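Colleague: Provided herewith is a single structure, encoded as structure tokens, for subsequent inquiry.
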Protein chains: 2
Amino acid sequence: MPSAQLRIAVLIDEGFDDDEFSAMSAQFENAGARVMIVAPFTGRLYSGRRGRVDTACDVAVHGTRAAMFSALAIPGGYSPDRLRMRHAFLDLIRDALATNIPIGAVGHGPQVLISANAIKGRTITCWPSIAIDVKNAGGLYVDRPVVQDGGIVTARKIDDIGPFVEAILRMAHTDSR
Amino acid sequence: MPSAQLRIAVLIDEGFDDDEFSAMSAQFENAGARVMIVAPFTGRLYSGRRGRVDTACDVAVHGTRAAMFSALAIPGGYSPDRLRMRHAFLDLIRDALATNIPIGAVGHGPQVLISANAIKGRTITCWPSIAIDVKNAGGLYVDRPVVQDGGIVTARKIDDIGPFVEAILRMAHTDSR
């Protein structure tokens, strides 16, 4: 019996990691999921930090609810430093946690989870520069390619995107809505 | 009686904030101080995040001691995210704290202070995205242009560079060596 198509919200702002964004988007789509780019505003393009990728915004973050999506995914780069300053993204993360929508974050992505107070007591991996911030936020930092703890899955870098995407798809299918 | 020329170490890696770097360097030099660029390696150029400034490295960080300088200054941008991953920069920061050499950090610069465990119990300002990281590290975050607490002076952004430089120069002159 075919399941409904998964809708994966990819949360970005200016300066996302081009490769992580491109790889996760392609792998979600190859698995039959629909990727929806959630950014601050529609009607403009967002560029990767290396200037290799420009993407439009499918859904402006204001007014979104986690229930509109099967899962959220946050690429790394410099974008998480911007996302964490916007209440609408933090509200979306907290809504996802409260409603058991899986959340994934790669590289610097866990910075957004820190600002949403979603780290405490969880096992988390990330880009090494922010490991101390994860620990100071009450997280248990580990240096492993992909870590799942409850509804949150984290990964370190571009090399980890394959198993990261698989984990999110597995969680999104399991938590049937 | 003329005092010896101050030597200000400006700590950078790739992706520093072009404007903060240029403004502080110019203002230190206008005040008669000598600016010394301390970066991971000599023999290569380091570029600002906006691609407007390229600078050579005067002194490779490995082998430096705080006593070689009158003060340390860390511009913001993406550079602090790299500096905080190199033990040699963290050792230099800790050596400066131990020997009462003033340290300044702007914008994302306090990320390096977090990694050097230099934040706890201190009043600190910074770029707002990392305010929660400063608080989680035991710092008292305040939103003010420039804050001095003991040997550490912090500022939020490019607009604060004037009083930031003045505070560092004042501290460097007071702590005579």
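All of the numbers you see were taken from the coordinates with simple rules; none came from a lab. This is a predicted model, so every value here is computed, not measured. Here Cβ is always computed from backbone atoms with ideal geometry, including for glycine, and neighbour counts include all displayed protein chains.
Colleague: Just to confirm the filter: which trypsin sites (Lys or Arg not before Pro) across segment B:53-95 are DSSP coil and have at most 13 other Cβ within 10 angstrom of their Cβ?
Modeller: Numbers: sites: B:R65, B:R82, B:R84, B:R86, B:R94; in loops: B:R65, B:R84, B:R86.
Qualifying residues, ordered by number: B:R65.
Colleague: Okay, next question. Which distance in nm do the two modelled labels at B:R170 and A:N100 give, with both placed 7 Å along the Cα-to-Cβ direction?
Modeller: Taking the simple label geometry, B:R170 and A:N100 are separated by 5.8 nm.
Colleague: With no solvent and one equal point scatterer per Cα, compute the Debye intensity ratio I(q)/I(0) for segment A:1-96 at 0.17, 0.20, 0.25 Å⁻¹ and report its log10, rounded to two decimals.
Modeller: Once normalised to I(0) and log-transformed, intensities are -0.69, -0.95, -1.41.
Colleague: Determine the dipole magnitude for the protein assembly as shown: charges of +1 sit on the beta-carbon of Lys and Arg, -1 on that of Asp and Glu, nothing else is charged, the reference point is the Cα centre, and the result goes in debye to the nearest 20. Before the final figure, lay out each step's value.
Modeller: Working: 38 positive and 38 negative charges, 113 e Å.
The calculation lands at about 540 debye.
Colleague: Quick check: residue separation of A:Q5 and A:D159 times 0.36 nm, minus the Cα distance between them. What number comes out in nm? Working shown, then result.
Modeller: Numbers: separation 154, 0.36 × 154 = 55.44 nm, distance 2.64 nm.
Gain on stretching A:Q5 to A:D159: 52.8 nm.
Colleague: About the Cα centre of segment B:36-130, what is the dipole size in debye to 20, counting +1 per Lys and Arg Cβ and -1 per Asp and Glu Cβ, all else neutral? Show your work: numbers first, answer last.
Modeller: Working: 11 positive and 5 negative charges, 43 e Å.
With only Lys, Arg, Asp and Glu charged at Cβ, the dipole is about 200 debye.
Colleague: Gain in length, A:R144 to A:R52, computed as 0.36 nm per residue apart minus the alpha-carbon separation, to one decimal in nm? Walk me through the numbers on the way to the answer.
Modeller: Working: separation 92, 0.36 × 92 = 33.12 nm, distance 2.78 nm.
Between A:R144 and A:R52, full extension yields 30.3 nm more.
Colleague: Dipole magnitude of segment B:7-174 about its Cα centre, charges +1 at Lys/Arg Cβ and -1 at Asp/Glu Cβ only, in debye to the nearest 20?
Modeller: Working: 18 positive and 18 negative charges, 70 e Å.
In debye, rounded to 20, segment B:7-174 gives about 340.
Colleague: Where a ≥ b ≥ c are the square roots of the eigenvalues of the C-alpha gyration tensor, would you call segment A:24-166 rounded, which needs a/c under 1.5, or, failing that, prolate if a/b is larger than b/c, or oblate? Intermediate results must be reported in sequence, preceding the final value.
Modeller: Numbers: a/c = 1.39, a/b = 1.27, b/c = 1.10.
Because its axes are fairly even, with a/c under 1.5, segment A:24-166 counts as rounded.
Colleague: A follow-up question, please. Based solely on its DSSP helices, what 222 nm [θ] is calculated for the protein assembly as shown when runs of n ≥ 4 H residues each add -39,500 (n - 2.57) and the sum is averaged over all residues, nearest 500 deg cm²/dmol?
Modeller: Working: 12 runs with 112 residues, N = 354.
Using -39500 (n - 2.57) per qualifying helix, the result is -9000 deg cm²/dmol.
Colleague: Something else: State the antiparallel share, in %, of DSSP beta bridges confined to chain A, rounding to the nearest 5.
Modeller: Details: 8 of 28 bridges.
Here the share of antiparallel DSSP bridges comes out near 30 percent.
Colleague: Another question, if that's okay. If I take the Cα coordinates of the protein assembly as shown and project them onto the principal axes, what are the three extents in Å, biggest first?
Modeller: Projected onto the principal axes, the Cα atoms of the protein assembly as shown cover 88, 37, 35 Å.
Colleague: Whole-Hz ³J(HN,Hα) for each residue in segment A:40-54, computed from phi via Karplus 6.51 cos²θ - 1.76 cosθ + 1.60 with θ = phi - 60°, x for glycine and proline: what do you get?
Modeller: x, 9, 7, x, 8, 9, 10, 10, x, 5, 8, x, 8, 10, 10
Colleague: While we're looking at this one, here's another question. Please list, in order along segment A:144-156, the HN-Hα scalar couplings obtained from phi with the Karplus expression 6.51 cos²θ - 1.76 cosθ + 1.60 (θ = phi - 60°), rounded to whole Hz, x for Gly and Pro.
Modeller: Residue by residue, segment A:144-156 yields 9, x, 9, 10, 10, 9, x, x, 10, 10, 10, 9, 8 Hz.
Colleague: Now a separate question. Determine the sum of side-chain charges near B:A155: Lys and Arg each +1, Asp and Glu each -1, restricted to other residues whose C-beta is under 12 angstrom from that of B:A155. Display every interim value, and only then the final one.
Modeller: Working: positive: B:R144, B:R156, B:K157; negative: B:D17, B:E20, B:D143, B:D159, B:D160, B:E166.
Net charge around B:A155: -3.
Colleague: Using the Cα gyration tensor of segment A:27-68, with a ≥ b ≥ c the square roots of its eigenvalues, what is the shape: rounded (a/c below 1.5), prolate (a/b larger than b/c) or oblate (neither)?
Modeller: Details: a/c = 2.64, a/b = 1.09, b/c = 2.42.
Since a/c reaches 1.5 but b/c is at least a/b, the shape of segment A:27-68 is classed as oblate.
Colleague: Related question: Would you work out the relative contact order for segment A:54-177, in percent, from Cα pairs under 8 angstrom that are 6 or more residues apart? Present the calculation step by step, with values, prior to reporting the outcome.
Modeller: Details: 216 pairs, mean separation 28.3, N = 124.
It comes to 23 percent, rounded to a whole number.
Colleague: For B:K120, give me every one of the lysines with a C-alpha distance below 26 angstrom, ignoring sequence neighbours fewer than eight places off in its own chain.
Modeller: In chain and number order, the partners are A:K120, A:K135, B:K135, B:K157.
Colleague: Amide H neighbours of B:G76 under 5 Å, at least 5 residues apart or on other chains, H built in the peptide plane: list them.
Modeller: Residues meeting the criterion, in which the H sits 1.01 Å from N, are B:D17, B:V106, B:H108, B:G109.
Colleague: Shifting gears a bit: For chain B, modelled as a GNM with alpha-carbon contacts under 10 angstrom, which of B:Q27, B:Q148, B:Q111 fluctuates the most?
Modeller: Per the Cα network of chain B with a 10 Å cutoff, B:Q27 tops the list.
Colleague: So for B:T154, A:T55, fewest C-beta neighbours within 10 Å to most, what's the order? Each step should come with its number before you reach the end.
Modeller: Working: B:T154 32, A:T55 19.
Fewest-to-most ranking of B:T154, A:T55: A:T55, B:T154.
Colleague: Of B:V165, B:A73, B:G151, which is farthest on the positive side of the dipole of segment B:42-177, counting Cα position, with +1 on Lys and Arg Cβ, -1 on Asp and Glu Cβ, and the Cα centre as origin?
Modeller: B:A73
Colleague: Okay, moving on. Going by Cα centres, segment A:40-86 and segment B:133-149 are how many Å apart?
Modeller: Distance between centres, Cα-based: 28 Å.
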